[in-house]
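Taking it in order: structure first as structure tokens, then the write-up.
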Amino acid sequence: MEFDEDKIVASSFDELRGETQRFSTQEMVVCPRCARRSPPTRMKCLYCGAALPETEATKALRRPALKTLEEWEQGFNVVLLPDGSAAISDTASHEASALLRLGKNAFEEMLKVNVPLPLARVATEDEAQLLEKRFGELNFAVEIIPDVALVTETKVPKRVRQLQWTDDEITFTTKGSDESQRIRSKDIMLLVLGRLRKLRIEVEEGRGRRGGDKEVVESREMFEDESVLDVHASATGLRWRIAAENFDFSCLGERKNLLVAQNFRTLTDELRGRAITARFCDDYTRLRPFLAHAWPLTERTEAGGLRRSRPGRFHTEAATIMNNEAQFTRYSCLLHHLELRRRVKGE
């Protein structure tokens, strides 16, 4: 079955529609700060945001608020682990998908992948612990990994513009500077292959012919797609990003091709051959739809101001930009976190 991330939201609403719970006045929880009543499913007051007291009656009903966090916010990731999530009943699968506000079919597709996947990214540790507890009761193996542990606050890894290598060392020269760092090839512990995609939609609006509501005068879509490779070192904790369209492939020597795509594949194979102890992960593109629930695409809107079309007539311009760079960075950091822990344990 082909997983379509565009259908994930629709299926969620389809399956959860009609399951809206209603509560009596006695079941509602009184906020200690504003004295207003909120549903017993909430952990925070619906009106003022204060923490609501937990009682025996509300303990089994509480659910975290799965709102999309801002990029600058430090959240907590609840990650599904492939080991231990066995013998899952149909009832458990249904309850788990309801906790995530996700369609049951979509959730079961996530289970079939059998790799670590983020189920949710929440604002507080209490919300993460509640999800961990509920999923544990349903026989799912999950783990809380805070954003701080993923070092995503450093944003994008250092961009590399050039590589040089000897028999046992590799030198990384970063883009925009002459800074170079040299490490042993065996100190590379992880290589993560991915694609960065950026969609920019520009819309130009103007007044209608009769001076009524605004109407779209012109719209444009621009799409960028670029292969990238994240290189994670072990002991040093360093990480770099090689972007296919902004890299000097002269290190390939006679193997350098006229096609960027072929050069990038050759470079990836070369690094894999030199970093023989490194784990190589190339499943990001396949997993991207499953990551979107907890780590959605980054979207922002830019105002373009006014543009004069003709005397007395002005058009407004705005652009919406969507990209997956933050999502890929989080996924790359998650793999590094898990791989580093695996090596520390000697697995």
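Within the span defined as region 158-172, every residue fails to be within 30 Å of ALA96 (Cβ to Cβ) and either of a type in the set (Lys, Arg) or surrounded by 15 or more Cβ atoms within 10 Å (Cβ to Cβ) (or both).
Out of LYS198, LYS133, one residue alone is within 27 Å of the chain's Cα centre (by Cα), over 27 Å from TYR284 (Cα atoms) and at pLDDT 90 or above. It is LYS133.
Of the numbered criteria (1) of a type in the set (Phe, Trp, Tyr); (2) more than 29 Å from SER177 (Cβ to Cβ); (3) surrounded by fewer than 19 Cβ atoms within 10 Å (Cβ to Cβ), the one PHE290 fails is (3). Across region 125-144, the number of residues qualifying as in contact (Cβ under 8 Å) with a residue 60 or more places away in the chain, farther than 17 Å from TRP295 by Cβ and either among the polar types (S, T, N, Q) or not in a loop (DSSP other than H, G, I, E, B) (or both) comes to 2.
When region 136-154 is filtered for residues that are in contact with a strand residue (DSSP E or B) (Cβ under 9 Å, 6 or more places away or on another chain), exposed (fewer than 14 other Cβ atoms within 10 Å of the Cβ) and modelled with pLDDT under 90, only THR154 remains.
Among the conditions (1) closer than 25 Å to LEU335 by Cβ; (2) at pLDDT below 85, the only one that GLY206 does not satisfy is (1). Annotation note: of LYS133, LYS112, the sole residue that is charged (D, E, K, R), loosely packed, with under 14 Cβ neighbours inside 10 Å, under 26 Å from LYS44 (Cβ atoms) and not assigned by TED's automatic domain parsing to the domain that holds ASP248 is LYS133. Of the helices (runs of 4 or more DSSP H) lying entirely inside region 25-113, those carrying at least 2 residues that are touching a Ser or Thr at 6+ places or on another chain (Cβ under 6 Å) are 104-113.
Note on region 52-67: residues that are surrounded by 11 or more Cβ atoms within 10 Å (Cβ to Cβ) and under 26 Å from PRO296 (Cβ atoms) amount to 5.
The values are calculated or read from the model by the stated rules, or taken from the named source; none is laboratory data. A quick note: this is a predicted structure, and the numbers were derived from the prediction, not measured. Cβ coordinates were reconstructed from backbone atoms using ideal geometry, including for glycine residues, and neighbour counts include every protein chain displayed.
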